[in-house]
Structures are given as C-alpha cells and as structure tokens.
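A.B. asks: Dumping the structure here so I can ask a few things about it.
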Protein chains: 4
Amino acid sequence: MSFLRDSKAKSKKVIFFGDSITQAGVQPGGYISLMKTMLAQQGITDYELSGAGIGGNKVYDLYLRMPEDVIAQSPDIVVIWVGVNDVWHKSSYGTGTDADKFEKFYRAIIKQLQANNIKVVLVTPATIGEKNDYSNQQDGDLNKYSQIIRNIAKDSNLPVCDLRSLFHSYEVKNNTANVDRGILTVDGVHLNDAGNKFVAEEMWKVLKEVK
Amino acid sequence: MSFLRDSKAKSKKVIFFGDSITQAGVQPGGYISLMKTMLAQQGITDYELSGAGIGGNKVYDLYLRMPEDVIAQSPDIVVIWVGVNDVWHKSSYGTGTDADKFEKFYRAIIKQLQANNIKVVLVTPATIGEKNDYSNQQDGDLNKYSQIIRNIAKDSNLPVCDLRSLFHSYEVKNNTANVDRGILTVDGVHLNDAGNKFVAEEMWKVLKEVK
Amino acid sequence: MSFLRDSKAKSKKVIFFGDSITQAGVQPGGYISLMKTMLAQQGITDYELSGAGIGGNKVYDLYLRMPEDVIAQSPDIVVIWVGVNDVWHKSSYGTGTDADKFEKFYRAIIKQLQANNIKVVLVTPATIGEKNDYSNQQDGDLNKYSQIIRNIAKDSNLPVCDLRSLFHSYEVKNNTANVDRGILTVDGVHLNDAGNKFVAEEMWKVLKEVK
Amino acid sequence: MSFLRDSKAKSKKVIFFGDSITQAGVQPGGYISLMKTMLAQQGITDYELSGAGIGGNKVYDLYLRMPEDVIAQSPDIVVIWVGVNDVWHKSSYGTGTDADKFEKFYRAIIKQLQANNIKVVLVTPATIGEKNDYSNQQDGDLNKYSQIIRNIAKDSNLPVCDLRSLFHSYEVKNNTANVDRGILTVDGVHLNDAGNKFVAEEMWKVLKEVK
C-alpha cells in the first residue's frame, strides 16, 4: 500500500502550455499524443502528460489564464511553448507583442510557476514558413524572440528545447527544394506528421532530464 | 485622538492607473495635480490622490503590474484610464491589442480590484487626433474600444467617465477650424493646459459620487 | 450611313475602374450589370458600360495598369472607385497606403486620364463594416481618405459620387440594430443585392450629369 | 574637335535612383560623392554620377516619379536601390509593399528604363539592423525581397550589386560584438563613413562592368 503510494507520488504531471500548435498536440497524432505512445512503448509509466493550448494565444494570454488552466491543476512540470503569434500577429492583425513586453510576461510566468514549486521547461518558437535560408517574412523576428528565450533560459538556469534551432538544422538538411511548407508543417506553422514526431522526440530529450 | 483616527479612516485613497497621459498627470499642471489643487480650494480634505501611470502601457501592462503598483498600495478607489496605446500601437508598431483581448484583460483588472474591496471608476480613451468629424485615423477603433468600456461599465454597474464622448462634444463646439491638435492636447494625445483642466473637472464629477 | 456614324459617335464608353467591389460589379446582379439593365429599361442606349476591377487593388495598382486596362480601351468617362484596400491592408497585411501617397497617385491617375481627354468621376470608399456610429475599426481612416478625395474633387472641379457619406446616411436610417454587415454588404465591404442596387442608382445620378 | 565630341559622347551619365540612403549619398561623404572622388583619383573621367534619392521612397514611388526624375535626365545607366522602406514601413506605419506588388513595380521600372535605352543595375536592400545572425526584426523579409531582386536580375540578365549579401558577410566578419548599429550604419539603416566607403567600392565594381 505504501509502495503503491510511493509509486504514485513519483508520477510526474506535465502540462504543455501554449497556443494552437499545442492545442492540436493532444489530438490523435499530435505531439503530446505521440509522446504518450512513445513513453508507453518504452515502458515509462511515471509521466502524466496533458495539454493546455489555446489557438491564437500570445505570451500575455498564457499569463492571464495560468492560475486556472495550469497552477490549479498542480503540475510538477510545465513546458512553455509560445511566441509564434506574438510575432505573426504584428503583420496579420497589428496586434503582436513588443519584444520587451514579451520578455517581461515570459519571466512573470516563470516566476509564478516557480513560486508554486513547478519546474519549467522553455521552448523556442519553431517556424513561420519553412524556407531554409531565413527568407521567410518573420524569420528575423522569430530569431530575435528565440534569442530572448535562450537568454532567459541561460540566466535563469532553465532547460530549453530549442525548436527554432532544431527546425532550422532539419530544414537545411531535408528541405532541399526550399519550400515554405510540407516538410515539418502543413501550412508553415502547424505540425504535420513528421513535425509532430520530431517535436515529440526533441521535447522528450529535454523533458526526461528534468528531475 | 480617536476622533483623529476616525477622521483619518474616512480619507479616501485614490489611484489613477494608466499610461503616459496619467504619468504626466502627476506633474505640475497635470490633471491629477490640478484636481488636488481644486479639492484644496474647495476645502475637500478627505481624498488622497496619486498616479500610477507608465508611458506606453496597454491594458495587459496594467494587469501585470497591478499587484505591486496598485493593490499593494491599498487604495480605496482606482480610476482606470487606458486604451490609447492598445489602439495606436496597431499602426505604429504592429503591437496593439485585439478587441476581445482588451475586454478580457479589462474585466480581469476590475475583478481583481473588486476582490480586494477596491472601488473602480472606468474612463474611455479620449482621443488620438482632435479633428471633430471622426476623420482621425484611429477614430473608428477608439470608438469601438470606448464602446467596449461603456458596455463593461453598464453590465458591471460601474461609474464611467466617458472622456471619449466628452472630448468629441468639446471638439465639435470649440475646434471650429477642425485642427488635429492644440485644443485639448499638445500632440493629439497628451493633454495641454486646457485638456488637463477639462479632465480634472470631468473626472472629479464622477469620482465625487463614488461612496 | 453618316447618320449611323453620328449616332455611334455619341455613344459614351464608361469604364468603372477599381478593386474587388468593381470586379464583382460586372457579375450578374453586380452594380454595373444592374446599371445596364436600369438604363435599358429607361430606353437609354447611348452608354456602353464596362468594368476594370481587380481584387486587392490599391490606388497605385490602378496607376500601374491604367495605360493598358483603361486608356488603351479609349473610354469617354472613367469612374474611379478605390480606397478600401489602401486603408484596410494597413491592419491586415501592413501594406496599406500612406495618406500623402494616396493623394499623389490619385491625382496622377486623374492627370493622365485627362491628358487623354477622358472625363473622370470620383467615388469615395463606401465602408469597411456597416455599424452606423463610426465604431468600425477603419472608420476614422476611411473618413480621412474620403475627405482627401472630396478635396481633390473640389479643387479639380470634378464630379464625385460620395458613397462614404451616402452609405453612412443610409445606415443611420436603416441599420437600427447597428450590425456590422448584411444591410448593404455581405461582409462589411462587398455589396449585397441592396448594396448593388443602391450603388447603381447613386452612381447613375452622378454619371448622367457628365456631358 | 571631332575628337573632343567623340570623347564627350563616350561619357556615361549614371543616376542612382532610390530612397533616403541615396538622398544622403550625394552629400559630402556620401557614397555617390565618394565614388566621384574615387574615380577622379583613378583618372577615370568618362562617368557623370548623380543621385535621385528621396526619403521614404518605396518601389512604387520610384515608378511614379521616374519619367520626370530619371528618364527626362537622359541617363545612360540607372542604378536602382530600393526595398528598405517597402519592408520597414509594414511594421512602422502599416504601409509597406506586398511582395508580389514589389516585384510587379520593380519589373515595370526596368521595362520602362530599357524601353528608353537606359542600362539598368539592380541593388539589393542592405540592412535594417546590423546584427550578424539574422535576428534583426526585418531580416526574413529583407532576405525575401532581396531574393526577388536576385531572381529578376537572373531572368532579365541584369547586373546586381548584392549589398544584402555583401553586408551580411561583412557583419559576420567585423561585427563580432553583434551590435545592431555602428559598423556600417549610424542607425541600422543609414550609412556611416565605413558604410559609404564600402558601398561606393562595391557599386563601382559592378558599375564599371556595364558597357
């Protein structure tokens, strides 16, 4: 009985916190679903994975709904994956997020999670357009915001799954026709099957090291 | 002695919470400074007015810094005056605020203030450009966001100082040359002497009714 | 024979020059098609109406394709109806047209048409959103650009079909529920049946006076 | 005497056609002024260099004023350097230029110059921000628009001075602190002394090959 409780106590509750990409991640074939299957196949049973993604979310949307959607769920680990809309909505709606505000809210999320004894994993925004030569419209800004996240990870001593960098390397190698979609995404942003698999694997590499 | 304490206990602490317009409001000649003088001249001594305005702030910036800058100061009343940057920054930086997000954060601010037993006064964004015929670039959007605030005031049963409407009436009457600045503002947005006086008077009309 | 030639010589070739609204205008039920029917019913046979509208066009797109699409067709009268995309694309793509450039290209179009002995009719951009209280996001900017066109019409002594003003009056009277579409448009911009009829009638009032 | 006329006939009139960078290029120390000095020092006397740059110009502004400012001056060669504002103004004013429209106007300029027997040299937009790792906000879009120009150069068999690529190589080598200004520009966009020298040299390398 106490064995059972110990065992249960060791189970890690992980919430993936993000935007539409994460909202799709819990669907069949999504990166969170794939990770669940992957762990089951490897006989890893002490992780409980769930998603808290909402389409169109920017960093301040995460901050606003974090108390209810994340902290109230008492997770052990939260994986924050945000940034695409903060950059993208600048040109599509005029409602992106300034770089300094992005950093401010990002750090506020981390601070509040840590104040609740929740471990944090950071993720850089992967891509808006899959061209491999930094000629997608938002590449400069995505690189800039990714660097903000890397800097936060560094000075806060937090693990980061650097999808921005990993996607770029993958595209250089695999996207030889330099197309803007169809390699890891369906539309330049949202993951296709290969993308979901790639993300599931890369995220797990980082996640499994969080003790 | 107890008389003194009672008297002191009845003093109302008011924080004006907003952007650069409110940041300037505590300067000599600013609308908050003028209101202080105005109250002193009328022998009204049971109000303690202070400003919590920061340049460039949008509604979510207020939400982020509210715990420290406002709630920790234990005010009795908070006057929320925000919206100009939420609209303006759409075209100047691509980082304005979506209408639905504006409303969501606005309501979240009110909710949290009320949860701390703080009374709330709403204010509509006055103007970006003083032309009197709704031909300033952001007039449509300012009207839209002002209507959001009026709707919140109505369904939350909160007092509103409708500067948007008051400024328009003033401009129709006094801005006969239909210029875009110099009547109530120096630059179309920030208050000149007449503007500070006008705002001090109009805000006080609403504020004095808050019991 | 000479009688025939004289008769033919008196026929006025009119090109409606614009964006997607005009592109739809030549479709069955479109405002140009309706105007043709209207004239036929009234026994007016000396007008030859055609459309030169392309979706997404802004004022400089008209300027670029004017030699081929308009001047090469040798019209007697050109009705210029442009401006919605110049305003709208500011927020939807970041690629609208600055007010001063709008005026510059607009005047350049008129100048070149007049240099080819073509008579010109101006039209103000009708609407982006049908709310009747100037609370549609782009209302301020649409009013501003419409005023530019009215000023050009005035100082160039040209006829103007002021749809911006006519639509507003119509909405105030008929859009009592203050909805943003469905009165004269299907989506806030493109004309429905009532809108096509309204535009056909209002344009004809101006067009028939052009001698 | 006839010798003199022949000699004079061989003098090549070159117009640098562009935006504020070119407007500054004719000032003392500007890239056009430096090129003049450079050629004089090398004893090259058969080039007549002048600038036709106007601040804030985008590709369609060049198209509009080309007949008067360029073609009427009867140049032998025109160096087109445009693109920074087409990209930059998307986020700063909401009035940048769509990629497809950029290409359309760019090709229209070339076509009209060539129709007037003027030789054309293309130039890619150098930089908005000098960070060397493609983390300047507009880097993706600048790369995209530069690629459009390279493609035009290729399929039109025209010489191109690829400043975008040359600046990047220079920054990688010389901007080791990865600052965003001060290496080749004063503000991330407009050339400093080193930048003017660099541009003068690189442009001349291309220009001297135009026969």
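A.B. asks: Sort B:149-155, C:133-139, D:131-137 for me by packing, meaning the mean count of neighbouring Cβ atoms within 10 Å per residue, highest on top. Display every interim value, and only then the final one.
C.D. replies: On the way: B:149-155: 15.3, C:133-139: 22.9, D:131-137: 21.3.
Taking the mean over residues of other Cβ atoms within 10 Å, the ranking is C:133-139, D:131-137, B:149-155.
A.B. asks: Report, largest value first, the span of the C-alpha coordinates of region A:27-127 along each principal axis, in whole Å.
C.D. replies: Sorted largest first, the three principal extents are 46, 32, 20 Å.
A.B. asks: Express the Stokes-Einstein translational diffusion coefficient of region B:84-124 in µm² s⁻¹, to the nearest whole number, given a Kirkwood radius over alpha-carbon pairs, 4 °C and a viscosity of 1.567 mPa s.
C.D. replies: It comes out at roughly 114 µm²/s.
A.B. asks: For a protection proxy built on the mean count of beta-carbon atoms within 10 angstrom, sort D:170-183, B:11-24 highest first, please.
C.D. replies: B:11-24, D:170-183
A.B. asks: Follow-up question, since we're still on this one. Restricting to Cα pairs below 8 Å that are 6+ residues apart, what does the relative contact order work out to for region B:71-121? Please round to a whole percent.
C.D. replies: Values: 35 pairs, mean separation 25.9, N = 51.
Dividing the mean separation by the residue count of region B:71-121 yields 51 percent.
A.B. asks: Apply the Karplus parameterisation 6.51 cos²θ - 1.76 cosθ + 1.60, with θ equal to phi minus 60°, to every residue of region B:31-45 and state each ³J(HN,Hα) to the nearest whole Hz, in sequence, with x for glycine and proline.
C.D. replies: 3J(HN,Hα) across region B:31-45, in whole Hz: 5, 6, 4, 5, 5, 4, 4, 4, 5, 4, 5, 8, x, 8, 10.
A.B. asks: For chain A, what is the charge dipole size about the Cα centre, in debye to the nearest 20, if Lys and Arg each add +1 at the Cβ and Asp and Glu each add -1 at the Cβ?
C.D. replies: Around 660 debye, computed over chain A.
A.B. asks: Compute for the protein assembly as shown: radius of gyration divided by Kirkwood radius, i.e. Rg/Rh, restricted to C-alpha atoms, rounded to two decimals.
C.D. replies: Ratio of gyration radius to Kirkwood radius: 1.02.
A.B. asks: What residue among B:P67, B:Y31, B:G96 has its Cα farthest toward the positive end of the dipole of region B:8-151, where the charges are +1 on Lys, Arg and -1 on Asp, Glu, each on the Cβ?
C.D. replies: Among B:P67, B:Y31, B:G96, the one farthest towards the positive end of the dipole of region B:8-151 is B:P67.
A.B. asks: Provide C:L158, C:L62, C:L113 in ascending order of the number of other Cβ atoms located within 10 Å of each residue's Cβ, fewest first.
C.D. replies: Going from least to most buried by this count: C:L158, C:L113, C:L62.
A.B. asks: In degrees from 0 to 90, rounded to the nearest 10, what is the angle of the helix D:139-156 Cα long axis to the longest principal axis of chain D?
C.D. replies: 30 degrees
A.B. asks: Ok, one more. Under 11 Å from a label point 7 Å along Cα→Cβ of C:K10: give me every residue in region C:29-46 with its amide N that close.
C.D. replies: C:45-46
A.B. asks: Copy-to-copy spacing for B:D187, label 7 Å out on the Cα-to-C-beta vector, in nm, shortest first?
C.D. replies: Counterpart label points of B:D187 in the remaining copies fall at 1.5, 3.8, 3.9 nm.
A.B. asks: Cα-Cα pairs above 17 Å in region B:75-144: how many percent?
C.D. replies: More than 17 Å apart: 49 percent of the Cα pairs in region B:75-144.
A.B. asks: Would you mind giving the mean number of other chain beta-carbons within 10 Å of the Cβ of each residue in D:56-62, as a whole number?
C.D. replies: Mean partner shielding for this stretch: 3.
A.B. asks: Going by amide H atoms built from the backbone, whose H comes under 5 Å of the H on B:F16, apart from near neighbours?
C.D. replies: Amide H neighbours of B:F16: B:S50, B:G51, B:A52, B:V79.
A.B. asks: What is the mean projected area of the alpha carbon convex hull for region A:100-177, to one decimal in square nanometres?
C.D. replies: If I average the Cα hull's projected area over directions, I get 5.5 nm².
A.B. asks: Lys and Arg at +1, Asp and Glu at -1: add these up for the other residues within a Cβ distance under 10 Å of C:G53 and post the number.
C.D. replies: -2
A.B. asks: What does the helix-only formula give at 222 nm for the protein assembly as shown: each DSSP H stretch with n ≥ 4 adding -39500 (n - 2.57), the total divided by the residues, and the result rounded to the nearest 500 deg cm²/dmol?
C.D. replies: The helix-only estimate for the protein assembly as shown comes to -16000 deg cm²/dmol at 222 nm.
A.B. asks: Moving to a separate point now. Based on the Cβ-Cβ distance from D:N151 to A:S156, what FRET efficiency comes out when R0 is 56 Å, to the nearest 0.05?
C.D. replies: So the FRET efficiency works out to roughly 0.80.
A.B. asks: Here's something else I'd like to know. 7 Å along Cα→Cβ for the label point: how many nanometres lie between A:K154 and each equivalent label in the other copies, listed shortest first?
C.D. replies: Listed shortest first, these distances are 3.6, 5.3, 5.9 nm.
A.B. asks: Between D:E209 and the same site in the other copies, what are the distances in nm, shortest first, taking label points 7 Å from Cα along the C-beta direction?
C.D. replies: Computed spacing set for this position: 4.7, 6.2, 7.7 nm.
A.B. asks: Can you pull the Kirkwood radius for chain D, inverse mean 1/r over Cα pairs, to one decimal in Å?
C.D. replies: Taking every pair of different Cα atoms in chain D, averaging 1/r and inverting gives 17.4 Å.
A.B. asks: Just counting partner chain Cβ atoms within 10 Å, what average do the residues of peptide D:128-134 show around their Cβ?
C.D. replies: Mean number of neighbouring Cβ atoms from other chains: 3.
No lab work stands behind these numbers, since they all come straight from the coordinates. These figures come from a predicted structure and were not determined experimentally. Glycine gets a Cβ as well: all are built from the backbone with ideal geometry, and neighbour counts include every protein chain shown.
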